[in-house]
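Below is one structure, written out as structure tokens; the observations come after it.
The values are calculated or read from the model by the stated rules, or taken from the named source; none is laboratory data. All values reported here derive from a predicted model rather than from experimental measurement. Please note: Cβ atoms are built from the backbone with ideal geometry, for glycine as well, and neighbour counts cover all protein chains shown. Note: accessible area is taken over every heavy atom of the protein model, side chains too, but ligands, DNA and RNA are not part of it. Shrake-Rupley method; radii C 1.70, N 1.55, O 1.52, S 1.80 Å.
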Amino acid sequence: MATDNTFILAGVMGWPVAHSRSPAIHNHWIRQYGLNGSYVLLPVQPDLIGDAVRGLRALGFAGCNITIPHKVAAMPLVDRIDPLAKRIGAINTVVVEADGTLSGFNTDAFGFIQSLLDAQPDWRADAGPVTVLGAGGASRAILVALAERGAKEIRLCNRSWDKAQALAQEFGAPVKAIAWEQRHEALADVALLVNTTSLGMKGQNPLELSLDHLPKQALVSDIIYVPLETPLLTAARQRGNPTVNGLGMLLNQARPAFQAWFGVMPELTPALRQMIEATL
Ligand code: ATR
């Protein structure tokens with residue numbers, strides 16, 4: 001909800017937030033669709049997230065994105081939470097409704113699925129077993145997304161066994177916890193492999209994973225986007241597997257949020273991809 005219909009304001013609350021690509025993405029769409037508005041960085045310290053979220057309405061914001069470290073802390077600050085976001089256990093989008101109340105959403109699940117569909121339009125979650133590496137916040141969104149889309153078997157491997165087990169218990173079938181040491185064998189017969197760990201990110205160690213058991217047609221997704229091609233994706237591509245990098249998830253998670261605030265479901269164009277790739 002903007003204060004009037006002529007200027008629509010949105011932004012991203014995070015700490016730190018200076019590195020966020022969201023302003024570049026949303027302001028590109030504001031220009032592309034000839035809208036009158038702006039998307040700004042909102043550096044909000046953790047102890048001030050309550051004041052900041054509750055201040056959205058007074059400041060005339062249509063809403064905002066919520067990023068690290070506020071995605072869980074912001075949940076009790078909104079008036080209602082979308083069921084999918086509730087299952088994920090985090091919100092990344094707040095919408096100021098016409099009556100001034102706040103709604104919380106999580107668009108990461110949409111972003112992830114859409115990034116796979118952009119790469120393979122006929123991709124299906126029930127095409128075969130899926131192996132997911134990592135059990136952090138990003139993994140939760142991806143597990144919920146895959147389960148929603150009908151995945152029958154999700155093998156969840158995490159370095160810390162207790163976290164994988166806790167998620168398998170919370171989400172129930174189809175999620176099964178697998179020991180980190182078993183990750184190589186857990187690739188047998190899979191249709192999709194997803195890395196949600198930070199291994200392979202710029203400045204981090206690469207993920208140590210043998211792809212020997214991975215079927216050649218399996219889709220390999222890494223949600224990391226710096227670098228665009230992680231060592232995992234390079235190895236997968238070199239043996240002939242189709243791959244999806246993390247840029248698609250980043251760009252696609254922004255689309256439903258933009259629609260909620262600006263009233264247009266924006267397109268993902270090659271020009272936008274190139275512009276964001278140039279900042280990586
Ligand atoms: P995000 O929100 O991006 O998911 P996170 O919640 O910090 O980030 O989760 C990071 C994930 O990367 C976790 O699954 C973590 O494993 P642990 O649960 O055992 O901590 C995984 N990870 C990070 N460093 C790792 C490493 N060196 N080896 C294996 N897994 C690692």
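Some observations on this one:
- Selection within region 174-195: residues that are among the small types (G, A, S) and outside any strand (DSSP E or B). The member of this set that is surrounded by the fewest Cβ atoms within 10 Å (Cβ to Cβ) is A188.
Let's see how each residue does on (1) in a loop (DSSP other than H, G, I, E, B); (2) free of Cβ contacts under 8 Å to residues at least 24 places away in the same chain:
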position: L9; (1), (2): no, no
position: A18; (1), (2): yes, no
position: D51; (1), (2): no, yes
position: L59; (1), (2): yes, no
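- S198 being in the same structural domain as G134 (by TED's automatic domain parsing), closer than 21 Å to A141 by Cα and open to solvent by 20 Å² or more (accessible area, probe 1.4 Å): yes
- Any hit, region 69-81, residues being without any contact (Cβ under 8 Å) to a residue 12 or more places away in the chain and not assigned by TED's automatic domain parsing to the domain that holds V226: yes
- Hey, V44 in contact with a helix residue (DSSP H, G or I) (Cβ under 7 Å, 6 or more places away or on another chain), open to solvent by less than 60 Å² (accessible area, probe 1.4 Å), among the β-branched types (V, I, T) and at pLDDT 95 or above or not: yes
- Residue within region 122-140 that is part of a helix (DSSP H, G or I), at pLDDT 95 or above and among the basic types (K, R) present: yes
- Out of G136, G200, G150, sole residue that is within 12 Å of the ligand (Cβ to nearest atom) and either among the basic types (K, R) or in contact with an Asp or Glu (Cβ under 9 Å, 6 or more places away or on another chain) (or both): G200
- Take the conditions (1) β-branched (V, I, T); (2) in contact (Cβ under 8 Å) with a residue 12 or more places away in the chain; (3) more than 16 Å from the ligand (Cβ to nearest atom); (4) assigned by TED's automatic domain parsing to the domain that holds A127; T234 misses just one of them, which is (2).
- Subset of region 153-173 that is more than 9 Å from the ligand (Cβ to nearest atom) and not hydrophobic (A, V, I, L, M, F, W, C) - its residue that is surrounded by the most Cβ atoms within 10 Å (Cβ to Cβ): R155
- In region 101-133, residue surrounded by the most Cβ atoms within 10 Å (Cβ to Cβ) [restricted to those that are away from the ligand (no atom under 16 Å from the Cβ) and closer than 20 Å to G263 by Cβ]: G104
- Restricting A58, A85, A98 to those that are in the same structural domain as A18 (by TED's automatic domain parsing), surrounded by 24 or more Cβ atoms within 10 Å (Cβ to Cβ) and over 19 Å from S20 (Cβ atoms) reduces the list to A85.
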